[in-house]
2 protein chains.
Amino acid sequence: MSGRRELCTPLRTIMTPGPVEVDPRVLRVMSTPVVGQFDPAFTGIMNETMEMLRELFQTKNRWAYPIDGTSRAGIEAVLASVIEPEDDVLIPIYGRFGYLLTEIAERYGANVHMLECEWGTVFDPEDIIREIKKVKPKIVAMVHGETSTGRIHPLKAIGEACRTEDALFIVDAVATIGGCEVKVDEWKIDAAIGGTQKCLSVPSGMAPITYNERVADVIAARKKVERGIATQADRAALSGNRPITSNYFDLSQLEDYWSERRLNHHTEATTMLYALREGVRLVLEEGLETRFERHRHHEAALAAGIKAMGLRLFGDDSCKMPVVTCVEIPGGIDGESVRDMLLAQFGIEIASSFGPLAGKIWRIGTMGYSCRKENVLFVLAGLEAVLLRHNAGIEAGKALQAALDVYENAGRQAAV
Amino acid sequence: MSGRRELCTPLRTIMTPGPVEVDPRVLRVMSTPVVGQFDPAFTGIMNETMEMLRELFQTKNRWAYPIDGTSRAGIEAVLASVIEPEDDVLIPIYGRFGYLLTEIAERYGANVHMLECEWGTVFDPEDIIREIKKVKPKIVAMVHGETSTGRIHPLKAIGEACRTEDALFIVDAVATIGGCEVKVDEWKIDAAIGGTQKCLSVPSGMAPITYNERVADVIAARKKVERGIATQADRAALSGNRPITSNYFDLSQLEDYWSERRLNHHTEATTMLYALREGVRLVLEEGLETRFERHRHHEAALAAGIKAMGLRLFGDDSCKMPVVTCVEIPGGIDGESVRDMLLAQFGIEIASSFGPLAGKIWRIGTMGYSCRKENVLFVLAGLEAVLLRHNAGIEAGKALQAALDVYENAGRQAAV
């Protein structure tokens, strides 16, 4: 059996909507030796992480902890633990990840009411509010930042309406947490799911979630403790409950794991928790507002460069995600050939898109650690060079100047 | 907002049945910068990992890939994708993790038939085979290495019977893969789930699974492609299928992700895959037989030391797991106080147990990277010292001599 060589990966400039480049300080922390899951040193880290997640989500919720799985695991954990068969769930859809919510909700037996609008736009919140009043759903679930179309949805008015109509407002903030404003309490979000591999610049593999007592009450009614470890009292108190279908995603059991009872469930993904803690620590150290401004700043430089090149941005600019810039692929140009050359020659990765937008747009992410000046300038330089080699009718030499103008102007304003 | 300090964890000697100490080469690899999930450099790593997992599981199965979640996620992914409501599932139980199988199977609607034997023993395979013939289940699911009682179950005859009776044989090999023999093909195991945080000495957070075409056919009948990315052909071919309840654990969609179609599902946990690849690479480099022998060797030294101290091993020795040694807590001794002192004074962690064995036994793991001579000698020294301080009636000064005898004798035999 010939020995396999040690891992050796190329160093990429990752300008996609995730997974993005991981902050070197997060990578460093992932070489820290592990400790046992119930070692006081580790439960201390678990508690610290819960505190930091509350700050990140801008919430006072008791429950703020990660699901051990990728972002989609976090979304399923919340939906699986709250949805019961025949529940009415309203899902406004403005891109591919809205369909993921319907996919999961249907599998857990929900009556899904879909509201759709054109990809590249968002809803008028009033349209959603009208539907809430009509359908009277138990749950309204929607995406905050839809990376498939590069749009970000206003949530505050919808949260208010949900509270008034007594619907649970569940928000997929996977692509926005750590890079854009997400105010869980102020926007009356009942449950939110974040992602690690986007603006948090932590490897994929964990999904921070938070939820309030409205959600916790629904979960409590379905609480179960495993037969192998249940006490007499558990069995007496819980025998009548309808259990959550998934054991792994059973938030009632994860609450017992993440709280003082420390009831054995899964074995916490130790190194991934180290990484999440460091990623969130760095976000809080930078400061939420400063970090959001940094993302807007680099987005402005990128967008300026793209437009100066003569390319068109896709979608309604009034609801553009500050961390994802969608570029229309010029007529007659093979978008995948451009992406391949960018990766092969420059080591730069940008993303294609899905469904109706596949082959029509590129998606350039400026998220977390990838969101740096040199990356913005490099992706503009690379894209221009590759498009010229593909004989695209673009303006040569303009993109970097436009981006440098944005950076230099910002420098002058900062100096004033 | 006062800045939080960088992560700083104590260095522990972890002698539990998981999570155990991670090999430094695995920790090092986890600081490797990430690449995109569809970057050819990454899909190459995915393919390499699948190949290496086949060698680890000793199988020719096409399907051998990790679930992004802890070991329990792997177990649920297989059961959720194979079990349909009203399916008869036979589960022989000889400890806490057998109950986990019933827990999950019931949640997905199975008719669970439980067979139980005394904790600390295993079944006579004939008893299980008789039950298979009686119940005629669609699935027989059982644990290979039951860490709650420290027993390992013979599987070959059961696998043969399942094949004859056309039942699917699903095995939880979470605690044995990489430390004990697991011959998936030879023992006619239809699906096996491994763990990373045990004998593989990789952090918790990923669950390698493998399954053959008998299982793949069951999954194929439930195949679904998400609405946001399904092609016309997908919709036509698959509309009649009954989807798997969980989207995250839908093995039909993970097959499309792990095969040439590379259909977007979750975002692969990049750094955890680096760690799994390195962990399995090190196992294969050491050689399976050599590695299993190393585990038996250190177990012998540990057991000799424990007995020389005057302590009793718990359970039927004929089916003792070579990687977990269960020690009866001497009468009048507070097992948790001993564990706490071991951790506080020596930085050594051993484990307590569950349910009926809680407070009755300690469980000492000798798994993967933790399974080293200095760790065995240190845990024996620490346990002896702590027990003496708890006024336990044990033999002082005998344990290390007995263990050293085992090591020295082995040294002489090796030299012959």
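Some values worked out for this structure:
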quantity	calculated
Restricting region B:345-360 to residues that are more than 10 Å from every other protein chain (Cβ to nearest Cβ) and within 11 Å of residue B:12 (Cβ to Cβ), the residue that is nearest to the chain's Cα centre (by Cα)	B:348
Residue among B:229, B:170 that alone is at pLDDT 95 or above and aliphatic (A, V, I, L, M)	B:170
Within region B:84-202, strands (runs of 3 or more DSSP E) holding 2 or more residues that are touching a Ser or Thr at 6+ places or on another chain (Cβ under 8 Å)	B:88-93, B:111-116, B:191-193
Filter result (part of a strand (DSSP E or B) and within 14 Å of chain A (Cβ to nearest Cβ)) within region B:203-226	B:207, B:209
Test: residue in region A:86-102 that is open to solvent by 10 Å² or more (accessible area, probe 1.4 Å), out of contact with any strand residue (DSSP E or B) (no Cβ under 8 Å at 6 or more places or on another chain) and closer than 30 Å to residue A:149 by Cα	no
Residues that are within 26 Å of residue B:28 (Cα to Cα) and of a type in the set (A, V, I, L, M), drawn from region A:245-286	A:269, A:272, A:273, A:275, A:276, A:280, A:282, A:283
Hey, residue A:391 over 26 Å from the mean Cα position of the chain (by Cα), more than 19 Å from residue A:198 (Cβ to Cβ) and modelled with pLDDT under 95 or not	no
So residue B:44, is it without any contact (Cβ under 8 Å) to a residue 24 or more places away in the chain, in the same structural domain as residue B:202 (by the TED database) and under 21 Å from residue B:283 (Cα atoms)	yes
Among the candidates A:296, A:291, A:312, residue that is in contact with an Asp or Glu (Cβ under 9 Å, 6 or more places away or on another chain), of a type outside the set (A, V, I, L, M, F, W, C) and either surrounded by fewer than 22 Cβ atoms within 10 Å (Cβ to Cβ) or closer than 30 Å to residue B:40 by Cα (or both)	A:312
Qualifying positions in region A:346-371 - farther than 24 Å from residue B:231 by Cα and either open to solvent by less than 30 Å² (accessible area, probe 1.4 Å) or out of contact with any helix residue (DSSP H, G or I) (no Cβ under 7 Å at 6 or more places or on another chain) (or both)	A:347, A:348, A:349, A:364, A:365, A:366, A:367, A:368, A:369, A:370, A:371
Positions within region A:49-67 being open to solvent by 10 Å² or more (accessible area, probe 1.4 Å) and either within 23 Å of residue B:268 (Cα to Cα) or within 14 Å of chain B (Cβ to nearest Cβ) (or both), in sequence order	A:50, A:51, A:54, A:55, A:58
Residues within region A:149-160 that are over 12 Å from the mean Cα position of the chain (by Cα) and either open to solvent by less than 10 Å² (accessible area, probe 1.4 Å) or in contact (Cβ under 8 Å) with a residue 60 or more places away in the chain (or both), tallied	8
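Conditions tested, residue by residue: (1) assigned to a helix (DSSP H, G or I); (2) at the interface with chain B (Cβ under 8 Å from one of its Cβ atoms); (3) among the hydroxyl-bearing types (Ser, Thr, Tyr); (4) surrounded by 15 or more Cβ atoms within 10 Å (Cβ to Cβ).
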site	(1), (2), (3), (4)
A:3	no, yes, no, no
A:8	no, no, no, no
A:16	no, yes, yes, yes
A:19	no, yes, no, yes
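Okay, residues lined up against (1) assigned to a loop (DSSP other than H, G, I, E, B); (2) more than 30 Å from residue B:5 (Cα to Cα); (3) away from chain B (no Cβ under 11 Å); (4) touching a residue at least 40 places away in the same chain (Cβ under 8 Å):
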position	(1), (2), (3), (4)
A:241	yes, yes, yes, no
A:245	yes, yes, no, yes
A:265	yes, no, no, no
A:271	no, no, no, yes
A:289	no, no, yes, no
A:292	no, no, yes, yes
A:296	no, no, yes, no
A:300	no, yes, yes, yes
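The values are calculated or read from the model by the stated rules, or taken from the named source; none is laboratory data. None of these values were measured; they are calculated from a predicted model. Quick reminder, even Gly has a Cβ in these numbers, built from the backbone with ideal geometry, and neighbours come from all protein chains shown. Each accessible area value is taken on the protein alone, full model and side chains, heavy atoms only, with ligands, DNA and RNA left out. Shrake-Rupley method; radii C 1.70, N 1.55, O 1.52, S 1.80 Å.
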